[in-house]
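The values are calculated or read from the model by the stated rules, or taken from the named source; none is laboratory data. Just so it is clear, the structure is predicted and the values come from calculations on it, not from any experiment. As a convention, Cβ positions derive from the backbone with ideal geometry for all residues, glycine included, and neighbour counts pool all protein chains shown. Only protein heavy atoms, including side chains, enter the accessible area calculation; ligands, DNA and RNA are left aside. Shrake-Rupley method; radii C 1.70, N 1.55, O 1.52, S 1.80 Å.
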Amino acid sequence: MPNRRIEMNITTEKTEEFKMKVEQLIPKYAIQGQVKDYDKFLKELLEYAVSQSSTYIPARLELWESHRTKVDNTQLDYDSICLAIILISWAVRMRKVKSDEGQCHVHMKDCADTRKMHSEIYDQWIEVVEEALKALKAGRPGR
């Protein structure tokens, strides 16, 4: 099997779908809005990531017979990439909602000050992800 690149299609809509999946799980494992049973929450979220990972990350089985090197969603690192994408999508998209609504504990919604703050945090988080990707690309093996 040759090294193939699949079309990943992680769109804005897909990041919203990832966000909604996390938000469906939170009440299941939360007490007063705060996740308390992290073991079960993360286990179920990882199971979801496993179900999604092969859609976005191709299995690499071309060396399985000759080198016993199997890379697919039976490995934790393979699925951890998808889990990270799901969690980043949830956190950033949730911050977008707070920015759009101007969520505030005093004014509830439409607070210009918190809208600005949430928007700045959104941008900072995107920058952190971009910095991490830049650092990972710079440390790429074989270069």
Meets criteria (among the acidic types (Asp, Glu), under 24 Å from Leu133 (Cα atoms) and open to solvent by 50 Å² or more (accessible area, probe 1.4 Å)) for Glu17: yes
Of all residues making up segment 20-32, the number that are in a helix (DSSP H, G or I), open to solvent by less than 40 Å² (accessible area, probe 1.4 Å) and either under 20 Å from Val92 (Cα atoms) or out of contact with any Asp or Glu (no Cβ under 6 Å at 6 or more places or on another chain) (or both): 2
Test: residue in segment 30-43 that is touching a Lys or Arg at 6+ places or on another chain (Cβ under 7 Å) and of a type in the set (Phe, Trp, Tyr): no
Any helices (runs of 4 or more DSSP H) falling wholly within segment 45-143 and containing at least 2 residues that are in contact (Cβ under 8 Å) with a residue 24 or more places away in the chain and either touching a helix residue (DSSP H, G or I) at 6+ places or on another chain (Cβ under 9 Å) or open to solvent by 70 Å² or more (accessible area, probe 1.4 Å) (or both): 76-101, 112-138
